[in-house]
Amino acid sequence: MTITIKKCTLEDLRKLQEISYETFNEAFKHQNSPENMKAYLERAFNLKQLEKELSNRFSQFFFIYSNNEVAGYLKVNTDDAQSEKMGDETLEIERIYVKKKFQKLGLGQYLLNKAMEIAAEHNKKTIWLGVWERNENAIAFYKKMGFVQTGAHSFYMGDEEQLDFIMTKTLI
């Protein structure tokens, strides 16, 4: 299995939208109403929104490829692009998704390592993320990788308020 990670550009906009829809649906469709899923997907992953995020100099997207097939992606934020005010010494992992057929192959670890590499390049001391309280597999993965729960915040799936755990990891 050949693994490569490539930074996304505006030329990748439609491919980013496609994988965003696919991975988010795979992860959460079975636990949310069709109406709330549709509302969230249309708000978060419309082309105008993704173009705005890709153009933000404090956000970066990366595709991970397995044998030349897009298998997942990562979005990291620094400074003002972070979804919560966490300070100048932090990097947020806003999205880390791997297609279902590529899960359990270590690709999440590759993406997490990429995020830590970017954090080190920017002299960040902490990385953090929000993870849905009901996403037990992801929570277990992050704990295994050294993250600890340090808080929580609301996340809206359509009109339904849900709770995301905020998990952080101190970098040395």
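Can you name the residue in segment 149-171 that is open to solvent by 80 Å² or more (accessible area, probe 1.4 Å) and free of Cβ contacts under 8 Å to residues at least 60 places away in the same chain and, of all such residues, is nearest to residue 43 (Cα to Cα)? Looking at residues that are open to solvent by 80 Å² or more (accessible area, probe 1.4 Å) and free of Cβ contacts under 8 Å to residues at least 60 places away in the same chain, I get 161. Comparison of 26, 11 shows that the only residue that is touching a Phe, Trp or Tyr at 6+ places or on another chain (Cβ under 9 Å), assigned to a helix (DSSP H, G or I) and either surrounded by 12 or more Cβ atoms within 10 Å (Cβ to Cβ) or of a type in the set (D, E, K, R) (or both) is 26.
Within segment 29-39, the set of residues being surrounded by 13 or more Cβ atoms within 10 Å (Cβ to Cβ) and either free of Cβ contacts under 8 Å to residues at least 12 places away in the same chain or touching a helix residue (DSSP H, G or I) at 6+ places or on another chain (Cβ under 9 Å) (or both) comprises 32, 37. Scan segment 40-78 for residues that are in a helix (DSSP H, G or I) and buried (at least 17 other Cβ atoms within 10 Å of the Cβ) and the total you get is 5.
If you go through segment 1-28, how many residues are touching a residue at least 60 places away in the same chain (Cβ under 8 Å) and of a type in the set (Phe, Trp, Tyr)?
Residues in segment 1-28 being touching a residue at least 60 places away in the same chain (Cβ under 8 Å) and of a type in the set (Phe, Trp, Tyr): 2 in total.
Please determine whether any residue of segment 110-120 is closer than 27 Å to residue 2 by Cβ, of a type in the set (S, T, N, Q) and assigned to a helix (DSSP H, G or I). Within segment 110-120, one or more residues are closer than 27 Å to residue 2 by Cβ, of a type in the set (S, T, N, Q) and assigned to a helix (DSSP H, G or I).
If you check residue 88 against the conditions, is it more than 17 Å from the chain's Cα centre (by Cα), among the acidic types (Asp, Glu) and open to solvent by 10 Å² or more (accessible area, probe 1.4 Å)? So residue 88 passes the test.
Determine if segment 92-110 includes at least one residue that is within 22 Å of residue 10 (Cβ to Cβ), open to solvent by 20 Å² or more (accessible area, probe 1.4 Å), without any contact (Cβ under 8 Å) to a residue 40 or more places away in the chain and under 13 Å from the mean Cα position of the chain (by Cα). Yes, because at least one residue in segment 92-110 is within 22 Å of residue 10 (Cβ to Cβ), open to solvent by 20 Å² or more (accessible area, probe 1.4 Å), without any contact (Cβ under 8 Å) to a residue 40 or more places away in the chain and under 13 Å from the mean Cα position of the chain (by Cα).
Checking residue 138 against (1) open to solvent by less than 50 Å² (accessible area, probe 1.4 Å); (2) part of a loop (DSSP other than H, G, I, E, B), which single condition isn't satisfied? So residue 138 meets the others, but not (2).
Looking only at segment 148-172, how many residues end up being out of contact with any His (no Cβ under 7 Å at 6 or more places or on another chain), of a type outside the set (S, T, N, Q) and in a strand (DSSP E or B)?
Adding up the residues that qualify gives 13.
The values are calculated or read from the model by the stated rules, or taken from the named source; none is laboratory data. These figures come from a predicted structure and were not determined experimentally. We place every Cβ from the backbone using ideal geometry, glycine too, and count neighbours over all the protein chains shown. Surface accessibility is based on the protein's heavy atoms, side chains included, excluding ligands, DNA and RNA. Shrake-Rupley method; radii C 1.70, N 1.55, O 1.52, S 1.80 Å.
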